[in-house]
1. Sort out which residues of the range 96-115 are in a loop (DSSP other than H, G, I, E, B) and open to solvent by less than 10 Å² (accessible area, probe 1.4 Å), and write them in order of number.
2. Testing residue 32 on (1) of a type outside the set (Lys, Arg); (2) surrounded by 18 or more Cβ atoms within 10 Å (Cβ to Cβ); (3) in contact with a strand residue (DSSP E or B) (Cβ under 8 Å, 6 or more places away or on another chain), one condition comes back false. Which one is that?
3. Quick check, is residue 27 at pLDDT 95 or above, open to solvent by 10 Å² or more (accessible area, probe 1.4 Å), within 26 Å of the chain's Cα centre (by Cα) and not aromatic (Phe, Trp, Tyr)?
4. For residue 131, which of the numbered conditions (1) touching a helix residue (DSSP H, G or I) at 6+ places or on another chain (Cβ under 8 Å); (2) at pLDDT 95 or above; (3) part of a helix (DSSP H, G or I); (4) not acidic (Asp, Glu) fails to hold?
5. Of all residues being part of a strand (DSSP E or B) and in contact with a helix residue (DSSP H, G or I) (Cβ under 8 Å, 6 or more places away or on another chain) in the range 393-411, which is surrounded by the fewest Cβ atoms within 10 Å (Cβ to Cβ)? Just the residue, please.
6. Could you check the range 252-356 for strands (runs of 3 or more DSSP E) lying wholly inside it with 3 or more residues that are over 25 Å from residue 232 (Cα atoms) and either acidic (Asp, Glu) or open to solvent by 10 Å² or more (accessible area, probe 1.4 Å) (or both)?
7. Condition (residue is more than 19 Å from the chain's Cα centre (by Cα) and under 22 Å from residue 273 (Cβ atoms)) applied to the range 203-226: is it met by at least one residue?
8. The conditions are (1) in contact (Cβ under 8 Å) with a residue 24 or more places away in the chain; (2) within 30 Å of residue 83 (Cβ to Cβ), and residue 394 fails exactly one of them. Which is it?
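The values are calculated or read from the model by the stated rules, or taken from the named source; none is laboratory data. All values reported here derive from a predicted model rather than from experimental measurement. Every residue, glycine among them, receives a Cβ derived from its backbone with ideal geometry; neighbour counts consider all protein chains shown. Only protein heavy atoms, including side chains, enter the accessible area calculation; ligands, DNA and RNA are left aside. Shrake-Rupley method; radii C 1.70, N 1.55, O 1.52, S 1.80 Å.
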Amino acid sequence: MSLIVSVSGIRGTIGGQPSDNLTPNEILKFSLAYGLLLKTKNLKPTIVIGRDARISGQMVASFVIASLQSIGINVIDLGLSTTPTVEMAVINHQTDGGIIITASHNPVQWNALKLLNQLGEFISAEDGLKIVEFSKQLNIEFSTAQDLGKLNILENSMEEHVKAILNLKLIPVDLIRAKKYHIVVDCINSTGALALPILLDALSCTYELINGNPNGLFAHNPEPLEIHLQDLIKACGKNTNLGIAVDPDVDRLALVDNHGKFFGEEYSLVCVADYVLDHKLGNTVSNLSSTRALADLTNAKGAHYYACAVGEVHVVKKMKSVHAVIGGEGNGGIILPELHYGRDALVGIALILSNMATKNKSLSELKSQYPHYEMFKDKIDLNPNVDYQSLLNYLKDYYKNEILNLEDGLKIDMANGWLHLRKSNTEPIIRIYSEAQSYHTAQLLIEQIKTLVAKF
């Protein structure tokens with residue numbers, strides 16, 4: 001069981017003991033701390049709340065909403081929603097911030113508070129530290145009955161989100177509608193089952209939902225990796241144009257092509273960037289754990305690629321600094337600044353369909369034109385007795401003849417591929433990614449560094 005406080009939010013397992021898990025104590029403490037931070041900027045703030053369908057969501061939402069109202073903060077409750085929809089609602093309703101109640105790709109026993117600023121973006125590390133300090137305060141001035149925050153229910157936020165996507169100049173709505181694409185969607189029994197039909201109906205697609213009951217009982221591990229999406233792959237028959245998988249809060253996008261072959265998370269962003277750069281040439285950004293294919297594609301089109309630390313807040317900061325036209329993370333997170341600065345599977349789907357429709361090509365035909373790389377992803381449980389920094393120094397010395405990047409853990413660029421080792425912000429593990437032109441080589445790179453870690 002675990003509780004993790006980071007720039008990715010307040011994340012933990014439900015139940016157990018206070019301070020070790022995401023219990024009501026922690027939910028109230030950090031909700032109040034977030035509210036106190038907002039009140040340093042506006043004495044009567046309003047925030048947006050939304051949640052994915054995991055079974056603890058309603059309970060967590062009740063604590064969050066009540067705690068915020070208790071210190072005079074107004075709440076707009078979207079109910080079951082998606083992370084990008086909440087981000088868009090902050091912008092559309094000009095609120096002071098937002099909280100998304102979701103543990104994203106984590107299993108059902110986890111939940112989290114993802115905290116947004118007034119731009120609908122994740123809070124900065126500086127604000128995160130202030131929240132931690134506020135959470136230690138014992139003397140909080142609660143509001144009187146007359147000054148309690150108001151609660152409003154908003155029921156059409158996903159429709160507003162989809163409408164904004166369809167209004168983008170980049171999306172050839174009529175052309176997509178004319179194609180009559182047939183799509184199979186794995187909704188992981190979460191809010192994708194509510195949001196994706198709105199988008200696909202608007203684009204005149206026919207579709208089949210699997211795991212389409214938003215009851216929070218995840219039918220498989222919710223991280224949209226190939227090993228977890230076998231039902232989707234099997235469901236994509238010869239009449240299927242596209243298979244789609246999203247995570248529980250719909251900010252990550254993985255695809256299956258028209259031959260029932262896993263297209264993958266890494267190439268979701270590559271395919272989207274291919275389309276966006278054809279219509280709006282500019283810089284691209286992804287994190288250090290993402291495929292080289294995006295850099296290759298960007299350079300081939302005459303633009304510039306930039307890498308940054310893992311985490312949406314870091315990607316957004318880099319995208320703004322280099323004025324990127326498209327960016328995101330290799331985990332299927334697609335960020336289109338023209339819409340908003342947040343990972344958004346819904347706009348990703350619309351852009352994938354736009355690329356297929358305008359080029360009159362299948363997903364498999366599109367991928368055949370992209371640089372080919374194979375990625376291997378692994379992880380090691382983080383032993384609390386291990387000195388993480390000493391481990392990095394040990395590995396840095398071993399790989400001293402390679403190109404090293406210490407911005408986020410340790411990135412090792414070699415002639416035959418790369419390795420990236422970093423401590424997760426969301427789980428008590430060390431993530432290890434590798435990439436090469438063959439899966440076998442990528443796997444060997446991982447095995448080599450895991451042997452070194454075990455030796456250390």
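1. 102, 103, 104, 106
2. For residue 32, the exception is condition (3).
3. No; evaluated as a whole, the condition is false for this residue.
4. With respect to (1) touching a helix residue (DSSP H, G or I) at 6+ places or on another chain (Cβ under 8 Å); (2) at pLDDT 95 or above; (3) part of a helix (DSSP H, G or I); (4) not acidic (Asp, Glu), residue 131 is out only on (2).
5. Of everything passing the filter in the range 393-411, 404 is surrounded by the fewest Cβ atoms within 10 Å (Cβ to Cβ).
6. Result: 305-308.
7. yes
8. (2)
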